[in-house]
Amino acid sequence: MPTIQLTLCGPPAIHIPDPSSPVALPTKAMALVAYLAMEPGFHSREHLASLLWGESPDGKANASLRQALKTLRQHLGDHIQIERARVGLVDGVSCDARQFLEFAKTSPSAAVAIEAGRFLEGFTPRHCPDFDDWADAVRGDLIARYGRVAAAAGAEAIARGDWRQALAIGERWMLVASDPTEAARLMAEANLLAAQPTPPASDGDRWQAVPPDFKAGLAGRAPVWETLLQGWDRVTHGTPRVAVIEGEIGTGKTRLTDDFARWVSTQHGQVLRTQAYESERTTQIGLMLELLRGALACPGVAGADPIALGIIARVLPDVRRRFPSLAVHEGEPGFAILEEAVADVLTAIADDQPLLVVIDDFHWCDPESTAMLHYLVRRMDRAPVLWVVALALGHEEHDAPGLRVARALRTLPGAVRAELAPLAVADVEEIVRDLGRMRSASAAHRLARRVHEITHGNPFYVVELLKTWLAEGCISIDAATGEWRLSDREDADVLGCAVPPSVHDAIAQRIGRLPREQQALLTTIAAHDHGCGADVLSLVHGQSRLRVAMVCDALRQRCLVGEADSRYVCAHPLIASVVLASVGAARRREVHRAIALATVEVARINRQSPDAGEVAYHADRGEEAGLAYTHAMRAMEAARTVGANAEALHWLDLAARWAHTPEDLAMVDHATAQMLEAEAPSPG
């Protein structure tokens, strides 16, 4: 039977081998075949008539549907099955949009070649709003999926040094992306790496063999990697295992699990991998359906109970395409029945070959999927499966379904918890030596120490900061060897502390999801370089100390705030930088002013003298002139008393800025003259 090719990515068209030219179909007949192709299975005539002719009377709508079906029967023949009450496409119709969905699960490089974001481009049937809504929803889903496969395909191209292919992927992604940030980042990375010269190979230089791919590898991750290897060894000997991998955003969880999944594949194991997304948290069992789509490609699925497959087919039409003759379960299956069916299918797959199941960003998983996963792990306690669940600390409150189930999984027999901690200076040095082909140990250590000082060892921040410095010319590249070179000037002059745009965006997204109350307190904490006490926060925000402590605890759980000496500080300098950059100058000014006034008031309540330097600092930035001048002079006196003349002069400079009366100016001038005379050598 000849195959009919349906093009939906772009202006829709249908091609039949004989004749080979495109078939001209009426607009709504084309809309009908597009819907049937993208929604496999049979659909009632009533539903199809409402979808395309919903604004017409029932009789006219049904007549129009009959005419459209007659036209399709003439061109598609037995490829369309028209029954008394329902209609559906059968084997023999190939659709590019469906091919994209299949490739997205198995081959990102093949999927990205299909322009899925152009779904039904320029195609607008008249007077059928329900169809328009459906097409918009499908297009949005395809664009989102295209972004995922483009990111994966781009990373693969960069990893193998194919900058031109990575750039082409980024350009195609840019054309359809609703938010082009990630596409632009891929293109920038490809352009940056393509500009690096490829040095000649050298047997003595191990880093010369492979061009840098700007990934942190396993630096500092050996213990967690060994834990996964031991878990897989146990699984291959028939003992199931669970590994819960935790870490802050950017600590390399995705890279680690990706590398481990590839390693398992080389050991002839089966891999099912899926990832939760924040936008899908309200989609019931959405994550488990993605996992099952991947499971359909495993050979062992053929050994599953047909009844179980029939139950799953009710919620996942892809099963029917894999097993066309399968008897589908009647009615919607209950959740418990569906859980048991999924367990049967996954057990059949694992019985064929040991299985690795990886779920990334589990903290965003929908409640139904988390409940089902919890059931599956306990139900399949004898199947050779290694369950790996990765979640980012601080993204959600502790009552999020994914975090609750992760805590429960850690209690199961054979479960292990591995936390990815920030990198040490030595780990960062290993990264810069590999990426920069740096032979000089002192130069590599110097760069690594500065990078670690700014990033606190977060691998994502490390790599993005290095990219930024390369792009800005802070690090040069030797034309002959490709080795990174640093200037002979001091680190502080050569390597600035500007926040890379990618890091800024990642932190800003986390902050943007915070409740307003948490954002307000975080802004005040960020404005306080040396930490802010609960008493000051209480006065600034008009809240009880208990309430402030509760909100700050929530920020600590999200890994945005730390506590030292009973004072709250931002967990990372980059967090403080992004927080302050996200608010306007007027608000920053008011925050500093409020901190200065609150610091004075707290000292008065406690019958103590306030820290004059701290008050002067915030009053200066809050443009509170009288407070800034008075406390700058007090800070000057305190510094001069202990012989800290340079610090005393600093406070005099600040006092001079706010000395507006002749008396104040004269006092500053006199004190400055005394300080300079004390430091200068005697004349003659």
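In this structure residue 232 has an accessible area near 10 Å², from a 1.4 Å probe over the protein heavy atoms. Counting heavy atoms of the protein chains alone, residue 253 has an accessible area of about 10 Å² for a 1.4 Å probe. Amide H contacts of residue 571: 561, 562, each under 5 Å away and 5 or more positions distant or on a separate chain (H built 1.01 Å from N in the peptide plane; Pro and chain starts excluded).
Here region 1-154 is assigned +1 on the Cβ of each Lys and Arg and -1 on the Cβ of each Asp and Glu. Its dipole about the Cα centre then comes out at about 160 debye. Report, to the nearest 10°, how far helix 253-266 tilts away from the longest principal axis of the Cα atoms in the chain, using its own Cα long axis and a range of 0 to 90°. Long axis of 253-266 versus the principal axis of the chain: about 40 degrees.
Taking only pairs that are 8 or more places apart or on different chains, how many Lys pairs in the chain have Cα atoms under 16 angstrom apart?
So the count works out to 5.
Report the charge-dipole magnitude of the chain in Debye, nearest 20, computed about the Cα centre from +1 at each Lys and Arg Cβ and -1 at each Asp and Glu Cβ.
Here the chain has a charge dipole of around 1460 debye.
Only protein atoms count toward the accessible area here, which uses a 1.4 Å probe; on region 231-315, the carbon and sulfur part of that area reaches 50 percent. The angle separating the long axis of helix 163-176 from the principal Cα axis of greatest extent in the chain is about 80 degrees. Centre-to-centre separation between the Cα atoms of region 449-465 and those of region 426-442: 13 Å.
Legend: calculated FRET efficiency, residue 530 to residue 509, from the Cβ-Cβ distance at R0 = 25 Å, rounded to 0.05, equals 0.35. 3J(HN,Hα) along region 429-445: 5, 4, 5, 5, 5, 5, 5, x, 6, 7, 7, 6, 5, 5, 5, 5, 5 Hz, from the Karplus curve 6.51 cos²θ - 1.76 cosθ + 1.60 with θ = phi - 60°, whole Hz, x for Gly and Pro. The residue among 581, 628, 350 whose Cα reaches farthest toward the positive pole of the charge dipole of the chain, with charges on the beta-carbon of Lys, Arg, Asp and Glu, is 350.
In the chain, helical runs assigned H by DSSP with n ≥ 4 each contribute -39500 (n - 2.57); averaged across all residues and rounded to the nearest 500, the mean residue ellipticity at 222 nm is -17500 deg cm²/dmol. A cut-off of 5 Å between modelled amide H atoms, ignoring neighbours fewer than 5 places along the same chain, links residue 41 with 89.
Quick one: order 663, 102 from most to least accessible surface, probe 1.4 Å.
In descending accessible area the options line up as 663, 102.
Dipole of the chain computed with +1 at Lys/Arg Cβ and -1 at Asp/Glu Cβ about the Cα centre; of 266, 122, 473, farthest Cα towards the positive end is 122. Simple rule: put +1 on each Lys or Arg Cβ and -1 on each Asp or Glu Cβ in the chain, find the dipole, and look at 451, 243, 511; the Cα lying farthest toward the positive end is 243. Note on residue 665: accessible area is roughly 70 Å² with a 1.4 Å probe, heavy atoms of protein only.
Close amide-amide hydrogen proximity is noted between residue 393 and 247, 248, 249, each under 5 Å apart and 5 or more residues distant or on a separate chain (H modeled in the peptide plane; Pro and chain starts excluded). Note that region 9-15 has calculated 3J(HN,Hα) couplings of 8, x, x, x, 8, 10, 10 Hz, one per residue in order, obtained from phi through the Karplus relation 6.51 cos²θ - 1.76 cosθ + 1.60 (θ = phi - 60°); glycine and proline are x. The charge dipole of region 76-186, taken about its Cα centre with unit charges on the Cβ of Lys, Arg, Asp and Glu (plus for the first two, minus for the last two), comes to roughly 240 debye.
Here the accessible area is traced with a 1.4 Å probe on the protein chains. For region 15-134, carbon and sulfur cover 48 percent of it.
Rolling a 1.4 Å probe over the heavy atoms of the protein chains gives the chain an accessible area of 46 Å² per residue. Rounded to whole numbers, the Karplus 3J(HN,Hα) couplings from phi for region 665-675 are 4, 5, 5, 5, 4, 5, 5, 5, 4, 5, 5 Hz, using 6.51 cos²θ - 1.76 cosθ + 1.60 with θ = phi - 60°, and x at Gly and Pro. Taking every Cα-Cα distance in the chain and sorting them into 10 Å bins from zero, the calculated P(r) comes out as 3, 12, 18, 20, 18, 13, 8, 4, 2, 1, 0, 0 percent.
Counting Cα-Cα pairs of region 233-339 in 10 Å increments starting at 0 gives whole-percent bin shares of 11, 35, 34, 18, 2.
Measuring nothing but how far apart in sequence close Cα pairs (under 8 Å, 6+ apart) lie, relative to its length, the chain scores a relative contact order of 9 percent. Once the Cα atoms are used to define both axes, helix 335-352 deviates from the longest principal axis of the chain by about 90 degrees.
The values are calculated or read from the model by the stated rules, or taken from the named source; none is laboratory data. In this text, all values refer to a predicted model and were calculated from it rather than measured experimentally. Glycine gets a Cβ as well: all are built from the backbone with ideal geometry, and neighbour counts include every protein chain shown. Surface areas here come from the heavy atoms of the whole protein model, side chains and all, with no ligands, DNA or RNA. Shrake-Rupley method; radii C 1.70, N 1.55, O 1.52, S 1.80 Å.
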